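Here the structure is laid out as structure tokens; the discussion comes afterwards.
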Amino acid sequence: MSRVYNFSAGPSVLPESVLTKAAAEMLDYEGSGQSVMEMSHRSKVYDSIIKEAERLLREIMQIPDNYKVLFLQGGASSQFAMVPMNLMTKNGKADYILTGQWATKAFKEASRYGDAVAVASSKDKTFSYIPKVDKSAFRPDADYVHICMNNTIYGTVYHELPDTGDVPLVADISSCILSKPIDVSKFALLYAGAQKNMAPAGLTVVIVREDFIGNAMDITPTMFNYKTHADNDSMFNTPPCYTIYIAKLVLEWIKNEVGGLEKMQEINEKKAALLYDFLDNSKLFKGTVVPEDRSLMNVPFVTGNEELDAKFVKEATAAGFVNLKGHRTVGGMRASIYNAMPVEGVEKLVAFMKDFEEKNS
Ligand SMILES: *Cc1c(COP(=O)(O)O)cnc(C)c1O
């Protein structure tokens, strides 16, 4: 068996020990005589899986008791509608910061349901930085401010949260959840598609403060109402059972093998530093993001020459470094170095880039 180093932005690499465990349990989960794929979501054995997944997420992220954890479907993209339908309901206003494609999609969707305003944007420079916004930029009567914490396509991240004053903060944390500790209490709501740092595709995690549940617009479909899922422990309908099971294994990996989120952050910082240090000193490659807003998870870079970019991607793929092509809207390359990418994968990629640089400059 030969596994590649997979730098995909999502769905993305999973820890090898998680895949091995899932394979070992495929035909017979803990003596149940069934695969987790096959069992009833109402069974006792499955109930212990979903409960343990939630318990581990709460423990690892230190989620306060007055927050609900919801396991939903529909991707982060469904949250672009669910957030306004459930939260833009006091004054019908919400402020958005546009830091890339996902934030912009969230804003456009919210605009369908109320008075959404884009209070800042970094589109002028291809979203290569995080706009610095102070409290006065936000409408004091906005129901919430929405940010995209880590911008998967452009490779920027909020190292510091914007000060929104008394306006509740909502964040899309799809591509940085579990990458380092985060103070959940600073947010009204956090959401994440699981396929970047948690599990395969099919699961969306929502962490929402209890007092933001139960005020949905009348037009809200039952399935889009947080209350529906909060009242039914994410079991109103069939949840994405198998994906939740893999998420549980990933959480066990973070807790037991990595040693928690502080440790995870250390490893992620080490990996990112390896790559950024190389880019900063390279004669051929350069990063596309301002240094102070660089993501720990997604690292876009270019050679400045499209043909050379294509040659690099082709040769890297042949050498076992796959999915390095940049997003179609940015070009160049992007290395997504999520939690499950081992340090060794980044070290080897950097060695490969050095070699490519010597041969091509
Ligand atoms: C991938 C991604 C999305 C879209 O997620 P889906 O689950 O495909 O809807 C939204 N926001 C961010 C930050 C992402 O990285």
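Observations on the model:
- A Förster radius of 30 Å, combined with the Cβ-Cβ distance separating K311 from K123, puts the computed FRET efficiency at roughly 0.50.
- Cβ-derived FRET efficiency at R0 30 Å, E347 paired with L161, nearest 0.05: 0.40
- From the largest down, the range 18-257 spans 59, 38, 27 angstrom on the principal axes of its Cα atoms.
- The range 209-255 and the range 63-100 have Cα centres lying 12 Å from one another.
- By average C-beta atoms within 10 angstrom, highest first, the peptides 210-219, 95-104: 95-104, 210-219
- Ranked packing of 79-87, 24-32, 322-330, most packed first, by mean Cβ within 10 Å: 79-87, 322-330, 24-32
- Among beta bridges identified by DSSP and lying wholly in the chain, the antiparallel ones come to about 55 percent.
- Of K283/K325; K123/K314; K227/K255; K21/K51; K196/K270; K68/K132, pairs whose Cα-Cα distance is over 24 Å: K123/K314; K227/K255; K68/K132
- A Förster radius of 45 Å, combined with the Cβ-Cβ distance separating L274 from T222, puts the computed FRET efficiency at roughly 0.40.
- E358 paired with D211, simple spin-label distance in nm, labels 7 Å along Cα-to-beta-carbon: 6.2 nm
- When each of the peptides 56-63, 16-23 is scored by how many other beta carbons lie within 10 Å of its residues on average, the order from highest to lowest is 56-63, 16-23.
The numbers here are math on the coordinates, done by the rules we state, and not lab data. Fair warning: this is a prediction, and the values are worked out from it, not measured in the lab. Cβ: placed from backbone, ideal geometry, glycine included. Neighbour counts: every protein chain shown.
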